[in-house]
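Notes to accompany the following structure.
The numbers here are math on the coordinates, done by the rules we state, and not lab data. This structure is a prediction, so every number in the text was calculated from the model and none was measured. Neighbour counts are summed over all protein chains in view; Cβ atoms, including those assigned to glycine, are modelled from backbone coordinates with ideal geometry.
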Amino acid sequence: MSNPDKALQTQIKNIEMKTGHTLAELTRLIQDSPLEKHGQLRDMIRETFGLGYGDANTLVTLARQAGAPQESVMAGETPDAALQAIYTGGKAGLRPLHDAVMDRVETLGGFEIAPKKQYVSLRRKNQFATVGPGTKGRLEVGLNMKGVAGTDRLEALPPGKMCQYRVFLTDPGEVDDELLGWIRTAYESAG
């Protein structure tokens, strides 16, 4: 698995190439904006530069954390420290379920773990999955793949979301071959 910092640096370099602006210039633009909400800033960046959701979200997150990097999961915390921060309080009970999912995902081969504030992103060339606490005390596994029909268990999400599908888990028995099959499909499509 690669270093999450390296993945972030690659993403920043790609954003700079796509926009023709440095990270410092983009950060200044975001910080100088009269918009206050994260989602509004993300949408402004998407519209202004034609970036995707993930790139715009990363830019806004970095710009907002520029004054307080010690609070940033993406500013150098290890994946384990990030998981400890994600699975605290009422979410602590979901950590064994997270670990069970990750044990199965690791059987697929190499990938990067990019910790975020509320979940971890799993990447090859592209993000293929997210794993983190969901709603109602459930673990949420987000999946990016095409050509798969949604089911009662595999919820198809509307366009524009970070993932195309999601599965909620409440029990280790749900980390089964069906789930691994969907993760494998997403993994293989991510290059």
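Length gained on full extension, residue 6 to residue 99, computed as 0.36 nm times the residue gap minus the Cα-Cα distance: 31.1 nm. Exposure proxy ranking for 44, 145, based on other Cβ atoms within 10 angstrom of each Cβ and starting from the fewest, stands as 44, 145. Its relative contact order, with pairs defined as Cα atoms under 8 Å and 6+ residues apart, puts the chain at 18 percent. The three principal axes of the Cα atoms in the chain give end-to-end lengths of 49, 37, 30 Å, sorted in falling order. Going by neighbour counts of Cβ atoms within 10 Å, the residues 36, 106 line up, fewest first, as 36, 106. For the cross-link pairs 6/37; 6/161; 18/91, the ones whose C-alpha atoms lie over 32 Å apart are 18/91. Placing +1 on the Cβ of every Lys and Arg and -1 on the Cβ of every Asp and Glu, with no other charges, gives the chain a dipole of roughly 380 debye about its Cα centre.
Applying the Kirkwood pairwise sum to the alpha-carbon positions of the range 79-189 produces a hydrodynamic radius of 14.0 angstrom. Excluding same-chain neighbours fewer than eight residues apart, the lysines reachable from residue 13 by a Cα-Cα span under 22 Å are 116, 117, 125. For the range 79-189, averaging the sequence separation of C-alpha pairs within contact (under 8 Å, six or more residues apart) and dividing by the residue count gives a relative contact order of 24 percent. On the principal axes of its alpha-carbon atoms, the range 124-191 has extents of 30, 26, 21 Å, going from largest to smallest. Among the trypsin sites (Lys or Arg not before Pro) in the range 1-56, those placed in a DSSP loop whose Cβ has at most 11 other Cβ atoms within 10 Å are 37.
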